[in-house]
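Student: I'd like to ask you about the structure that follows.
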Amino acid sequence: MTSAIYTGRVVHVRLRPKRHKLGYRVFCLLLDLDEIDALAARLRLFGHNRAAVFSFYDSDHGAGDGNLPAWVAAQLAAASLRLATPRISVLCYPRIFGYVFNPLTVYFCSDGDELRAILYEVHNTFGEKRTYVIRVEEGVAETIVQRCDKALYVSPFVPMDCAYRFRILPPGQRVMIAIDETDADGLLLHAN
C-alpha cells in the first residue's frame, strides 16, 4: 500500500502589511484512491464515507458528488492531460469525529509510476473552492516547482492580484508543500 500518515508542522508567515507568523503541529493523510476502501475495512478507527474517529468523505472534495476519480479525470481532461493508467493519491486532513478543516487538498496524479500532474484544491472560509491543475514537467529534480495566478479570494490581508509559487517534495519518506504568494511588490506570504 502507498497510503500513509504524515506528521509535521504548518508555518504561515505574512510579510506585509504587518509581519505575522504562526505555526502549529499537524498530521495529514495520503490516501491512494484505489486503496481507500481496503484501508477502511482494515482500520477500525478509519472510515470511508462513514462516521469514524478519522474519516474521509468523498463529498468533502472535488465536485462533492462522491465520484472523486471521475472528477479528477475531468479536471485533467480540461487541462489536456490524459492518464493511460491513472493512480491518484490525495494529501489532506481527515475528518476527526465528523469535523473537517481542509484549506488545501493536494492530488498527486500519476500515469503508472510517473507523476504527471498536481491538483491544488483550495478552500476558503466562505465555503468556496478553486482547483489549480498544473502539469508536472518531465525530468524534474526531486523538488517540483510550479506557478499559477491566484483565482480565489482567501484572506482579507492579501489582494487578489497575486501569483502562487508551489515547491513540492512528492510523497515518499517525507512530503513537503511550500507556497509563496507574491504581488507586484514581491513576496507577501509564505506557507509550508
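No value in this document is a laboratory result; all are computed from the given coordinates. From a predicted model like this one, the values you see are computed outputs, not experimental measurements. Counting neighbours? That spans all protein chains shown, and the Cβs are built from the backbone with ideal geometry, glycine included.
Student: Kindly list the residues of segment 143-157 that lie in the label zone of residue 22, defined by a backbone N under 14 Å from the point 7 Å along the Cα-to-C-beta vector.
Tutor: In segment 143-157, the label zone of residue 22 (backbone N under 14 Å from the point 7 Å along Cα→Cβ) covers 155-157.
Student: Using Cα pairs under 8 angstrom and six or more residues apart, how large is the relative contact order of segment 4-191, in percent?
Tutor: Working: 359 pairs, mean separation 29.8, N = 188.
Worked out over segment 4-191, it gives 16 percent.
Student: Can you tell me the mean projection area, over all orientations, of the convex hull of the chain's alpha carbons? Units nm², please. The partial results should precede the final answer.
Tutor: Details: hull surface 44.9 nm².
So the Cα hull casts an average projection of 11.2 nm².
Student: Under the 0.36 nm per residue contour assumption, what length would be gained going from the current alpha-carbon distance of residue 74 and residue 183 to full extension?
Tutor: On the way: separation 109, 0.36 × 109 = 39.24 nm, distance 3.05 nm.
Taking residue 74 through residue 183 to full extension adds about 36.2 nm, to one decimal.
Student: Find, among the chymotrypsin sites (Phe, Trp or Tyr not before Pro) in segment 149-192, those assigned to loop by DSSP (not H, G, I, E, B) with at most 15 other beta-carbon atoms within 10 angstrom. Spell out each step's value before the answer.
Tutor: Numbers: sites: 153, 157, 164, 166; in loops: 153, 157.
Those that pass, being in a loop and sparsely packed, are 153, 157.
Student: Mean residue ellipticity at 222 nm from the helices of the chain, using -39,500 (n - 2.57) per DSSP H segment of n ≥ 4 over the full residue count, to the nearest 500 deg cm²/dmol?
Tutor: Computed ellipticity for the chain at 222 nm equals -2500 deg cm²/dmol.
Student: How much net charge surrounds residue 190 when only the other residues with a Cβ under 14 Å from the Cβ of residue 190 are counted, with Lys and Arg +1 and Asp and Glu -1? Walk me through the numbers on the way to the answer.
Tutor: On the way: positive: 9, 14, 16, 19, 21, 165, 167; negative: 180, 181, 183.
For residues surrounding residue 190, the net value is +4.
Student: Mind checking the angle between helix 68-78 and the chain's longest principal axis? C-alpha axes, 0 to 90 degrees, to the nearest 10.
Tutor: Taking the Cα atoms of the chain, the angle to 68-78 is about 50 degrees.
Student: Still on this structure, I have one more. Only residues of segment 160-186 count here: report those whose backbone N is under 14 Å from the spot 7 Å along Cα→Cβ of residue 11, or say none.
Tutor: Correct set: 176-180.
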